[in-house]
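Asker: Provided herewith is a single structure, encoded as structure tokens, for subsequent inquiry.
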Amino acid sequence: MSKLAQVEVTHAASAAEEISAYMSEQEKKSLLRFLTCGSVDDGKSTLIGRLLYDTKLIFEDQLAALTNDSRKHGTNGEDIDLALLVDGLEAEREQGITIDVAYRFFSTPKRKFIVADTPGHEQYTRNMATGASTADLAIVLVDARQGILRQTRRHSYIASLLGIRNIVLAVNKIDLVDYSQDVFDRIVADYQAFASNLGFNTMQAIPLSARFGDNVIGPSANLAWYKGPALLQHLENVPLDSADSARPLRFPVQFVNRPNLDFRGFAGTIASGTIAPGDEVVVAKSGKSSRVKRIVTWDGDLEVAHEGQAVTIVLEDEIEVSRGNMLVAPEARPEVADQFAAHLVWFAEHALIPGRSYILRTETDQVTATVTDLKYRVDINSFAEVAAKSLDLNEVGVCNISTQEPIAFDPYKSNRSTGSFILIDRLTNATVGAGMIDFALRRASNVHWQALDVDKASRAAQKDQKPAVLWFTGLSGSGKSTVANLVEKRLSSIGKHTYILDGDNVRHGLNRDLGFTEEDRVENIRRVGEVAKLMVDAGLIVLVSFISPFITERRMVRELLGDGEFLEVFVDTPFEECARRDPKGLYAKALRGDIKNFTGVDSPYEPPENPELHLKTVGRTAEELASEVERLLVEHGVIFNYDQSSWSI
Amino acid sequence: MTKNLTHLQRLEAEAIHIFREVAATFSNPVMLYSIGKDSSVMLHLAMKAFYPAKPPFPFLHVDSTFKFREMITFRDSEAERLGFDLLVHSNQEGIEQGISPFVHGSNTHTHIMKTVALRQALDKYGFDAAFGGARRDEEKSRAKERIFSFRNAQHSWDPKNQRPEMWKIYNTRVAKGESIRVFPISNWTELDVWQYIMLEDIPIVPLYFAAERPVVERDGMLIMRDDERMKLLPGEVLQDRMVRFRTLGCYPLTGAVESDAATLPEIVSEMLVARTSERQGRMIDKDEAGSMEKKKREGYF
């Protein structure tokens, strides 16, 4: 080998050594995930821009683009505007605000950081919550000239609610109040006055100027009176919660891996605790137990696996486990319940309405759920508990939730992974809320169903019919009651047992306490649905004649009943025709504005998407329509053993 | 926070969790395989996530017909080595019209041969979820994107109205025709990717390593002449220079950097002193301000 070649080999070897030394150093670094929050214009994005800039993490081409952007959208005159580094959306740069959370990455010799820069506007609170849900620390910014604002309180509260235990109170723009210690002390006192009850473990207040860099990565001569750490020193040194290996095993099953008949493994990420071959584990929902046979990974089987690892578990026994279930420690099991109390943050324009059905999703499980009782709303300013009938966009409340099937969970405060859930709108699939479970409600386990000897089938057999609900929906005056009455008369004449639940009549008795707001309409339908269900249980053919304007509630009733028991009949009469007929004179009043929340006028009607029967009424007689309903009943086997000739009444 | 896991182990576990979540909740997912280093990492993670089974979805390569030849060779050898299900789609109308970045410019070429081609492929197979290897540290609008990023039936992204993404609970529900783009390595940085490739010994296209290659200086970038479709302009000289690529795409649109880094440790050490971001080598990002966001809204990955 030539001398030159030898030199090159040595050089390459030392580069490799240097890099591997560097990498093992990188490996040892801890990771801190934090977010910046606070009110609009408190300088959140500027602060992150400053951190990235001063830790030399801005590349030359990014700086060139920034200089360009600053001239176009900047708010600092001739200076570069650091906020433009993080406000990545066009709309954000144009309006000079942050709309959605941006994630940024930087590292120092001590730590790696993932920063979530979150929006300050109240309307984007859900994006702030998104950033907070995975953070270990929150920097709450306050403009030194403004002091504590509504959003300062809201964001501090949400950070606390989501389980963040470390807070930095960054009193920004201190340069604009002449670096005044008095101003700083006053703001800190104001903050402590309300934040002392929020359960933070560490709270560090730091005066700084993001724009000029005072106290951001190092101490500032302008703030000589301040003896605490600069922001970056604090972020590098704040103690982190390390995984508590004493926490009990929680292994939510994501999916069952079955490549062939000889292998059946449960894939998932360990939410807490550790697991090793030979350990006894219990299936949370069934209580069945087995032992861990193998912990399988691509890199070979493991002797032990810890919190945070994504693995595949093979058990000794063939027991039933599917997605949504959990493998858990036998001596410390999670709750399994279908009713629980939870804190809820609402994200949607459309208010949360108790009684309406949503999809509830945990890390791996999914069930239908309703909020059965909204106990109170939390006032963001005073943190007071306020009575409420619904939750609007960005509001926080405490409620009871009932799920169609039991789910396995822990209280959120003992496990963020197994104690959290989101709510999804059934029609739009939008994520409408996020919840943190407080505790299981025991009611579910104490109120058992009374097992009865005479059951639905025997009562139905006695009546020679199959019980069902005929659900007539449509605008007021569309002809629902007329058709329902005619059908009932005919059914009665052939010896069938029926009952009509009519909207107006029920509102005189059972539902006399309900008005016509959206919340009350939902409750109205829920009660009628439950009554109809009892009547079906009694063996009856129930004819329900209700405007029932919302798809969601009709679907809720459908789900209350067994397969084939709910027959939706859409009585389709155009609005103009209903208003022309106006049998009760209601349209005239509503159009004059004398009646509020009138369906079709100032309250929406959502037509069924797939009704069992779509009755277009215009140009047809009530008799023709009733005959169509009868055909439907025959097709669905509700009526049988009848004499054909008796049909032409 | 787990004391036992390193930074990369945490990122790996997060990505595997995301891969499994998609396989468990979507009926027809696909992975977009672009052959670059991020795709190599994604492929490796997918193999890990479903071991001992194979990834339960196909890998789609949208071929603009202007990829580096070495990329295509590498793609086919990886499909052979790992036995995954490879689909290749090109926009046939674009080919018939002779769309080329040399004739029609980078914008038109990217739109027709990448964005439109991708939409065609997604529609053709009816995929309801598509994995991509985008990272949040790459570009400003990417930094804003969710890990599970919703697309309407027209494949477009509405950045002002993204679904909240709380904890590790992903809303994977879509109506017919809608889909979700999924980015399992959202939280990785370029350095993380290189460290992981090194640690796990993941094969990558040789173009990432420095070698003598025929390049031309054009519009301030070093463009490698990969085939005769690239004609030299007056005054341009083809020269062999020691170069490598930090990112790979269509060869006429991807700038090389001068470098001697011929091994992974050398690449990582070069990265550590780099003063430009990797997307600087991409022409499409520079055409206009907010250009990546605009392309994403149109359905680009």
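Read-outs throughout are calculated quantities, based only on the coordinates presented, and are distinct from any laboratory measurement. Please read all numbers here as calculations on a predicted model, not as lab measurements. Cβ sites come from the backbone with ideal geometry, for glycine too, and all protein chains shown count toward neighbours.
Asker: Tell me, what ³J(HN,Hα) does each residue in the range A:600-617 have, in order and in whole Hz, if you take phi through Karplus 6.51 cos²θ - 1.76 cosθ + 1.60 with θ = phi - 60° and put x for Gly and Pro?
Answerer: With the stated coefficients, the range A:600-617 comes to x, 9, 10, 9, x, 10, 9, x, x, 7, 9, x, 5, 9, 10, 9, 8, 8 Hz.
Asker: Taking trypsin sites (Lys or Arg not before Pro) as candidate sites, keep only those in a DSSP loop with at most 14 other Cβ atoms within 10 Å, then name the longest stretch of chain B containing none of them.
Answerer: With trypsin sites (Lys or Arg not before Pro) excluded where exposed in loops, chain B gives B:4-175 as its longest stretch.
Asker: Here is a further query. Count, for each residue of B:50-57, the Cβ atoms from other chains sitting within 10 Å of its Cβ, then give me the mean as a whole number. Intermediate results must be reported in sequence, preceding the final value.
Answerer: Numbers: counts 6, 9, 10, 8, 1, 0, 3, 0.
The per-residue average across the peptide is 5.
Asker: For A:CYS578, A:CYS37, A:CYS399, what's the fewest-to-most ordering of other Cβ within 10 Å of each Cβ?
Answerer: Ascending number of Cβ neighbours within 10 Å: A:CYS578, A:CYS399, A:CYS37.
Asker: Also, I was wondering about something else. Give the distance, in whole Å, between the Cα centre of the range A:501-540 and the Cα centre of the range A:264-318.
Answerer: For the range A:501-540 versus the range A:264-318, the Cα centre distance is 49 Å.
Asker: Name the residue from A:GLY287, A:GLY199, A:TYR499 whose Cα lies farthest towards the positive end of the charge dipole of chain A, charges +1 on Cβ of Lys and Arg and -1 on Cβ of Asp and Glu.
Answerer: The residue sitting most towards the positive pole is A:TYR499.
Asker: Report, in deg cm²/dmol and to the nearest 500, the calculated mean residue ellipticity at 222 nm for the protein assembly as shown, where each DSSP H run with n ≥ 4 adds -39500 (n - 2.57) and the sum is divided by the residue count.
Answerer: The per-residue figure over the protein assembly as shown is -9000 deg cm²/dmol.
Asker: Which longest run of chain A has no exposed loop site in it, a site being GluC sites (Glu not before Pro) in a DSSP loop with at most 12 other beta carbons within 10 Å, and the site itself not part of the run?
Answerer: Between the exposed loop sites, the longest stretch runs A:350-608.
Asker: In the range B:164-257, which GluC sites (Glu not before Pro) fall in coil by DSSP and have 16 or fewer other Cβ atoms within 10 Å?
Answerer: Here the GluC sites (Glu not before Pro) that fit, given the DSSP loop and packing criteria, are B:GLU178, B:GLU228, B:GLU236.
Asker: How well do other chains shield peptide B:134-145, expressed as the mean number of their Cβ atoms within 10 Å of each residue Cβ?
Answerer: The per-residue average across the peptide is 6.
Asker: Zone of B:ILE72 (label point 7 Å along Cα→Cβ, backbone N under 16 Å): which residues in the range B:207-227?
Answerer: B:225-227
Asker: Ranked by Cβ crowding within 10 angstrom, fewest neighbours first, how are A:VAL253, A:VAL544, B:VAL182 ordered?
Answerer: Numbers: A:VAL253 21, A:VAL544 28, B:VAL182 24.
In increasing order of surrounding Cβ atoms, one gets A:VAL253, B:VAL182, A:VAL544.
Asker: What size of dipole, in debye to the nearest 20, comes out for the range A:159-258 about its Cα centre when the only charges are +1 on Lys and Arg C-beta atoms and -1 on Asp and Glu C-beta atoms? Could the numbers behind the result be given before it?
Answerer: On the way: 8 positive and 9 negative charges, 119 e Å.
So the dipole magnitude of the range A:159-258 works out to roughly 580 debye.
Asker: May I pose another question? How large is ³J(HN,Hα) for each residue in the range A:160-171, as worked out from phi by the Karplus curve 6.51 cos²θ - 1.76 cosθ + 1.60 (θ = phi - 60°), to whole Hz, x for Gly and Pro?
Answerer: Result, rounded to whole Hz: 5, 4, 7, x, 6, 10, 10, 10, 10, 8, 9, 8.
Asker: For A:26-35, what's the mean count of beta carbons from other chains sitting within 10 Å of each residue's beta carbon? Spell out each step's value before the answer.
Answerer: Details: counts 6, 6, 2, 2, 4, 8, 1, 2, 0, 0.
The mean count of partner-chain Cβ atoms within 10 Å per residue comes to 3.
Asker: I would also like to ask the following. Suppose we flag chymotrypsin sites (Phe, Trp or Tyr not before Pro) only when DSSP calls them loop and at most 12 other Cβ atoms lie within 10 Å. Which is the longest uninterrupted stretch of chain A?
Answerer: With a cap of 12 other Cβ atoms within 10 Å, the longest stretch comes to A:1-224.
Asker: Within the set A:LYS285/B:LYS168; A:LYS389/B:LYS176; A:LYS480/A:LYS533; A:LYS489/A:LYS616, which residue pairs have Cα atoms separated by over 25 Å?
Answerer: The answer is A:LYS389/B:LYS176.
Asker: Using the C-alpha atoms of chain A, what convex hull volume per residue, in cubic angstrom, is computed?
Answerer: In chain A, the Cα convex hull volume per residue is 258 Å³.
Asker: While we're on this one: Using alpha carbons only, how many angstrom separate the centre of the range B:7-47 from the centre of the range A:379-401?
Answerer: Between the Cα centres of the range B:7-47 and the range A:379-401 lies a distance of 39 Å.
Asker: Rounding to the nearest 20 debye, state how big the charge dipole of the protein assembly as shown is about its Cα centre with +1 on each Lys and Arg Cβ and -1 on each Asp and Glu Cβ.
Answerer: 1240
Asker: With a/c under 1.5 counting as rounded, go ahead and sort the range B:177-268 into rounded, prolate or oblate using the C-alpha gyration tensor (a ≥ b ≥ c being the square roots of the eigenvalues; past the cut-off, prolate if a/b is larger than b/c, else oblate).
Answerer: Oblate shape, in that a/c is at least 1.5 and b/c is the bigger or equal ratio.
Asker: Volume per residue, Å³, of the convex hull around the alpha-carbon atoms of the range A:336-442?
Answerer: Looking at the range A:336-442, the number lands at 94 Å³ per residue.
Asker: How about the range A:540-649: which trypsin sites (Lys or Arg not before Pro) there are in a DSSP loop, with at most 16 other Cβ atoms within 10 Å of their Cβ?
Answerer: A:LYS584, A:LYS596, A:ARG620
Asker: If we count other beta carbons within 10 Å of each Cβ, what is the order of A:LEU240, A:LEU441, fewest first?
Answerer: The fewest-first ordering by Cβ neighbours comes to A:LEU240, A:LEU441.
Asker: What's log10 of I(q)/I(0) for the range B:128-219 at q = 0.16 Å⁻¹, Debye sum over Cα points only, no solvent?
Answerer: Listed by q, the Debye log ratios stand at -0.81.
Asker: Which loop-located trypsin sites (Lys or Arg not before Pro) does the range A:453-541 contain, where loop means any DSSP state but H, G, I, E or B and the Cβ has at most 11 other Cβ atoms within 10 Å?
Answerer: Here the sparse-neighbourhood loop sites are A:ARG512.
Asker: Next question. If the chain between A:ALA387 and A:ARG165 were fully stretched, how many nm would it gain, using 0.36 nm times the residue separation less the Cα-Cα distance? Numbers along the way, then the final one.
Answerer: Details: separation 222, 0.36 × 222 = 79.92 nm, distance 2.82 nm.
Taking A:ALA387 through A:ARG165 to full extension adds about 77.1 nm, to one decimal.
Asker: Across chain B, what fraction of all alpha-carbon pairs, as a whole percent, falls in each successive 10 Å bin from zero upward?
Answerer: That works out to 6, 27, 37, 23, 6, 1, 0, in percent per bin.
Asker: Follow-up. For the range A:216-361, what does the alpha-carbon gyration tensor say about shape, rounded, prolate or oblate, given a ≥ b ≥ c as the root eigenvalues, a/c under 1.5 as rounded, and a/b over b/c as prolate?
Answerer: Oblate, because a/c is 1.5 or more while a/b does not exceed b/c.
Asker: Cross-link candidates for A:LYS44: which aspartates and glutamates have Cα within less than 13 Å, leaving aside residues fewer than 8 places away along the same chain?
Answerer: A:ASP81, A:ASP87, A:ASP100, A:ASP117, A:ASP143
Asker: Restricted to Cα positions, what overall size does the range A:533-649 have along the principal axes? Three whole-Å values, descending.
Answerer: Ordered largest first, the range A:533-649 gives principal extents of 51, 33, 24 Å.
Asker: Right, another one. Tell me which of A:GLY529, A:VAL469, A:GLY509 sits at the most positive position along the dipole axis of the range A:456-647, charges placed on C-beta atoms (Lys, Arg +1; Asp, Glu -1).
Answerer: A:GLY509
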